[in-house]
1. In a strand (DSSP E or B) and at pLDDT 75 or above, is that true of residue 17?
2. Farther than 24 Å from residue 129 by Cα, more than 10 Å from the chain's Cα centre (by Cα), at pLDDT 70 or above and in a loop (DSSP other than H, G, I, E, B): which single residue out of 44, 55, 62 fits that description?
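The values are calculated or read from the model by the stated rules, or taken from the named source; none is laboratory data. Here the structure is a predicted model, which is why all the values come from computation and not from measurement.
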Amino acid sequence: MSTYAVVVLTFNSADVYHGDLPGTAPEHIKADSHHGRLTHRHSARGSVSGRYAKADESYWRAIASHLQDDRHILLLGHGKGHSNAMIQFVAWAATHDHPLSERILGAVDADVEHLSDGEILALARDFFGDRLPRWA
């Protein structure tokens, strides 16, 4: 079982950094596209229900499966309310995968689209402190 994981999460993709695997690249999980393109989620206008579109459940399950062996999980994401994939994943985990939700120790709002690997790992070190192993 890995000790630490950092997940950089958007509605389009997730990058999972495992803390006990020094020198490895993050695992990349891509959301399923509909009709060859990703769905637009940040506008309720034009929706019959007047609500924001939700991510595919299969996307949340794929992320959860990549985290099944991690004990301490930090999520990094961005957005507000319904347009924040990180918040929606936390809510999904609380409802559908309670053991996973208990291992999510934090969710940090950051400009994830523009962070380098070094900046992501620096945020993780700030959150976990000296307990976090050094990734290459």
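1. Against the criterion (in a strand (DSSP E or B) and at pLDDT 75 or above), residue 17 qualifies.
2. Checking each option against the conditions leaves just 55.
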